[in-house]
Amino acid sequence: MSLGNNSPQSRPDPEVPPTDMRKMALAGVLLAIPIVVLLWVPHYAKVEPTLFGFPFFFWYQFLWVFLCSAMTYAAFRLTLSARGKTSHKAGEDR
Amino acid sequence: MTPELTVLAADTDGVNGVALAVLVVLFLIVTVAGFMASRFKRADSMESLDEWGLGGRSFGTWITWFLLGGDLYTAYTFVAVPAAMFATGAVAGFFAVPYTIILYPIIFIFMARLWSVSHRHGYVTPADFVRGRYDDRGLSLAVAVTGFVATMPYIALQLVGIQAVLEVVGLGGGDNIIAKDAPLFIAFAVLAAYTYSSGLRAPAVIAFVKDILIYLVIIVAVIYLPGQVGGWEAIFGAAEDKMDANNAAAVEAGLNPTSSFVPGSGAFWAYATLALGSAMALFMYPHSVTASLSSNSRNTIRRNASILPAYSFVLGLLALLGWVAIAAGTQPIGLDGEPNAQLVIPQLFEDMFPSWFAGVAFAAIAIGALVPAAIMSIAAANTFSRNIYKEWINKGATPAQEAKVSKLMSLLVKAFALVFVLTLDKQNAINFQLLGGIWIMQTFPAIVFSLFTRWFHRYGLLLGWAVGLVYGTVEAYQVVNPVTGKHFGGSTALIPGIGELGYIAVTAFVLNVVVAVVVTAVMRAMKVSNGHDETIPFDYFADADDPRVQKDLVEHDADVATDARAPHHEADGDDVPGSTPAR
């Protein structure tokens, strides 16, 4: 699956906004990391080391809530700047 | 409370009067809010799907956040997941945490494109998009029917949640067939009435109340309860002991040990595929798409993808409450005297909290089930009226007729769900959602792949869907609950070629994609037409207030007017990007 910067088919491309591909690729990596890490269960399915009484298995996944959130937000900022459009000002955060 | 209420629960330890009073008062407040909601961001007329079904497509980051949260964190979260943790441990229940984490990167990738193309063409449902992408009524019908049917067990799960609260508070149950389910019917009728009158605005408004209640209850529960039962170390210790004892008992009875404290090496595939499959399936449901499309900008969804994980943290804590209940020695016994794991969280609250706060907690759970039930029924109804009624029954339907049909179907869908609840085995509540996931995930290639490419052939997607659906249903049917001997007893089966247990939805999905690829290759070699695509590349990037939309819109409309192959452009007239945000 591409990140949304490919033309859906072989039509001429002027309709697609100019895109910084390196930033989009970086955003893609940031989005892929949590998916790969959390699906790779063997590396965290263990009890030790515990934290505040929580086995590793549990606190490690809670930790990824925040890491994933941060990575998704970074990817969000990257895609905004990669497309160079600033339409997100109006009507948000009311 | 009044004597007749006590009679309803004659064979239990009675009605918890204070808790019931608090529950009823909060329920009434929410009901009034639901009916008043039609004034919220008021439109001139509610008689169209954009207004009734998408709230005028005008919701910003915070409303969308509450709405999506109200949508995704449901009785599944408060009742089914902790119950699964309580009964069989981490593999059965805690996979919901990685599921709701990896969910957001996944939707980040495709949902903004779906938002853009939907706004450019006035799509309300995923099936609308598929119809526009391939101009293929068969494929669109497949997506619509799958969405409609897969939503029903999910709504049923919500009603199980409401029923669990009512049962613990002492209402319902008993021998009288009418009194037994009367409270559920009343809650159901109220829900149906305000959904009918206010549309999507009702759950959007109630979602605020719901989330405030939920957060209040969760914070109190996770701070107060662990201390009451000896701290987290004691809780994990008690859970480990119970899971070990479960497994020892299972081995003794000649069954496979299925309980787990931390997943063992035999359960890695199951844990990962349950998480991945659930995450990929969730945003194929019409209700998730509805909530996303009702946001006012393409980037609202992406921004939300980075703040919604706050709910995943809460979900993890809620899941662990299932183990707090183990440490607390909670006995979830139903009004019929049988143990019922689904009651474990309400029972824990009733045992551990003062009555008035138990009432607040019950209200949080019940309202937390009502909101998604309303959103799901609206979305399923939209799907019916757009993609089945308008497409196959009344082609010339006006927007007002469409809205009317949607309103009526929203009642009918809930009635179907009620039938599910009254007839199926409720011990298995989490399995309702997993079964729906097996079906709905088979629409993933047609929707998500098509957002990025038209390489796949419409017949390949249709055949892949059919194969995945049949395989998934047959496999799920063959899973027999070893205790009750019933079919559809679980959602994991051996993955062919790997020999480990995995979520059936993922296996069926892989099969689906393989079939789609092979058939596509054949169709392309034979040069079979892949239908007409009414979308253009720019559609996938459009944003509501992007100045370029205005300019390109003029050109696009000029193209459309001269393009005779695009029949439903002339008919629709709602092909305006972002409509007009109603703020």
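In this simple spin-label approximation, A:V29 and B:Q401 carry label points 7 Å from Cα along the Cα→Cβ vector, and these lie 5.6 nm apart. Counting heavy atoms of the protein chains alone, B:I388 has an accessible area of about 30 Å² for a 1.4 Å probe.
At a probe of 1.4 Å, how much accessible area disappears from chains A and B on forming the pair, both sides counted, to the nearest 100 Å²? Write out the running numbers ahead of the final one.
Values: alone 7370 and 21790 Å², together 24030 Å².
So the buried area, both faces added, is about 5100 Å².
Spin-label model, B:L494 to B:M526: label points 7 Å out along the Cα-to-beta-carbon direction sit 3.5 nm apart. At a threshold of 50 Å², the residues of region A:52-74 that become less accessible to a 1.4 Å probe in the full protein assembly than in their chain on its own are A:G53, A:F54, A:F57, A:F58, A:Q61, A:F62, A:V65, A:T72.
Given Cα positions, please report Rg to Rh for region B:429-501, the hydrodynamic radius being the Kirkwood one.
Values: Rg = 14.6 Å, Rh = 13.7 Å.
A ratio of 1.07.
Entry for region B:356-430 at q = 0.14, 0.17 Å⁻¹: log10 I(q)/I(0) = -0.59, -0.76, Debye formula applied to identical alpha-carbon scatterers, no solvent contribution.
The largest accessible area among B:H119, B:H532 belongs to the first residue in B:H532, B:H119, and the rest follow in falling order (1.4 Å probe, all chains).
The values are calculated or read from the model by the stated rules, or taken from the named source; none is laboratory data. As the structure is a prediction and not an experimental result, all values here were calculated from the model. Positions of Cβ are backbone-derived with ideal geometry, glycine not excepted, and every protein chain shown enters the neighbour counts. Side chains included, ligands, DNA and RNA excluded: accessible areas come from the protein's heavy atoms. Shrake-Rupley method; radii C 1.70, N 1.55, O 1.52, S 1.80 Å.
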